[in-house]
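Peer 1: Take a look at the following structure, please.
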Amino acid sequence: MARMTAFDSPLLLGFDHFERMLDRIAKAGNDGYPPYNIERTGENGLRITLAVAGFSMDDLLVTLEDNQLTIRGKQGEDEDGRIFLHRGIAARQFVRSFVLAEGIEVVDAKLDNGLLHVDMERPAPQSRQRVISIKQDGKGAEKARILEGHAENG
C-alpha cells in the first residue's frame with residue numbers, strides 16, 4: 001500500500017524535496033545524546049553547540065550533504081589497560097543530524113573545553129520578482145518582446 005502524505009496533492013507540484021527533508025528529520029531520532037543548544041549569534045548568525053566532553057578533534061567528524069548537517073563522534077578504544085570499577089562517563093559513539101534551511105552556510109567548527117561549536121550564517125533574504133511575458137500566436141510575439149525589454153529597462 002502506498003504511503004499518503006500532504007504533498008501528494010496535485011496543487012503542490014515540486015515539493016517532494018520537502019517530503020524527503022521531513023523524513024530525514026523523523027529519522028534523526030529522539031536520542032538525547034549528546035545534548036546540544038541552538039542559538040542566534042547575530043542578525044543572520046546561528047550556532048549549534050554540542051556537549052562532547054571526552055572527545056578529541058580526531059574523534060569528531062562534521063559533514064554537510066544536501067542541507068543536512070551531520071556530526072559524528074567515535075572514541076578510540078582504551079589502549080592503556082585501565083580497569084574500571086565504575087564507568088559513569090559515556091564512551092559511546094553518536095550521530096546527530098540537523099536539516100538546514102535552504103541557503104544556510106556552515107562557516108566554522110571549533111572544539112573548546114568539551115563543547116563543539118558549529119557556526120552558520122543565513123544570507124539576507126533577497127526579493128526575487130520576475131515578469132513573465134504572455135505570448136500569442138503570430139502578432140503577439142513582437143508585443144511580448146517589447147514588454148520584456150520594458151521590464152528589463154524599467
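Peer 1: Can you confirm whether THR70 is at pLDDT 85 or above and loosely packed, with under 13 Cβ neighbours inside 10 Å?
Peer 2: No: the conditions fail for THR70.
Peer 1: Additional query: Applying the selection to the stretch 86-120, what residues are outside any strand (DSSP E or B) and at negative phi?
Peer 2: HIS86, ARG87, GLY88, ILE89, ALA90, ALA91, ARG92, GLN93, LEU100, ALA101, GLU102, ILE104
Peer 1: Moving on. Would you say PHE55 is among the aromatic types (Phe, Trp, Tyr), surrounded by 14 or more Cβ atoms within 10 Å (Cβ to Cβ), modelled with pLDDT of 80 or more and under 26 Å from GLN126 (Cβ atoms)?
Peer 2: On the way: among the aromatic types (Phe, Trp, Tyr): yes; surrounded by 14 or more Cβ atoms within 10 Å (Cβ to Cβ): yes; modelled with pLDDT of 80 or more: yes; under 26 Å from GLN126 (Cβ atoms): no.
So PHE55 does not fit the description; no.
Peer 1: Could you go through the stretch 94-103 and let me know if any residue there is farther than 30 Å from ARG20 by Cβ and either free of Cβ contacts under 8 Å to residues at least 60 places away in the same chain or surrounded by 11 or more Cβ atoms within 10 Å (Cβ to Cβ) (or both). If you could, list the steps in order and put the result at the bottom.
Peer 2: Kept after step one, since they are farther than 30 Å from ARG20 by Cβ, are these residues of the stretch 94-103: none.
Checked against the condition, which is being farther than 30 Å from ARG20 by Cβ and either free of Cβ contacts under 8 Å to residues at least 60 places away in the same chain or surrounded by 11 or more Cβ atoms within 10 Å (Cβ to Cβ) (or both), the stretch 94-103 yields no hits at all.
Peer 1: OK, next. Tell me whether the stretch 31-39 contains one or more residues that are touching a strand residue (DSSP E or B) at 6+ places or on another chain (Cβ under 6 Å), in a loop (DSSP other than H, G, I, E, B), exposed (fewer than 12 other Cβ atoms within 10 Å of the Cβ) and modelled with pLDDT of 85 or more.
Peer 2: Of the stretch 31-39, the ones touching a strand residue (DSSP E or B) at 6+ places or on another chain (Cβ under 6 Å) are 33-39.
Next cut, in a loop (DSSP other than H, G, I, E, B) only: 33-35.
With the extra rule that they be exposed (fewer than 12 other Cβ atoms within 10 Å of the Cβ), the set shrinks to 35.
Now drop any that are not modelled with pLDDT of 85 or more, which leaves 35.
Yes: one or more hits.
Peer 1: Write out, first by first residue and then by second, each pair whose Cβ atoms fall under 9 Å of each other, whose residues are 6+ apart or on separate chains, and whose first residue, in the stretch 34-47, is within 23 Å of LEU60 (Cα to Cα) while the second is modelled with pLDDT of 95 or more and of a type in the set (Ser, Thr, Tyr).
Peer 2: TYR36/THR49; ASN37/THR49; ILE38/THR49; GLU39/THR49
Peer 1: Let me ask something else. From ILE146, ILE83, which residue is modelled with pLDDT under 90, of a type in the set (Val, Ile, Thr) and in a loop (DSSP other than H, G, I, E, B)?
Peer 2: ILE83 is the lone residue from the list that is modelled with pLDDT under 90, of a type in the set (Val, Ile, Thr) and in a loop (DSSP other than H, G, I, E, B).
Peer 1: Still on this structure, I have one more. Of the numbered conditions (1) surrounded by fewer than 17 Cβ atoms within 10 Å (Cβ to Cβ); (2) of a type outside the set (Gly, Ala, Ser); (3) at pLDDT below 95, LEU61 satisfies every one except a single condition; which is it?
Peer 2: Going through (1) surrounded by fewer than 17 Cβ atoms within 10 Å (Cβ to Cβ); (2) of a type outside the set (Gly, Ala, Ser); (3) at pLDDT below 95 one by one, LEU61 breaks only (3).
The values are calculated or read from the model by the stated rules, or taken from the named source; none is laboratory data. No experiment lies behind these values; they were computed from the predicted model shown. Heads up, the Cβs are rebuilt from the backbone with ideal geometry, glycines too, and the neighbour counts pull from every protein chain shown.
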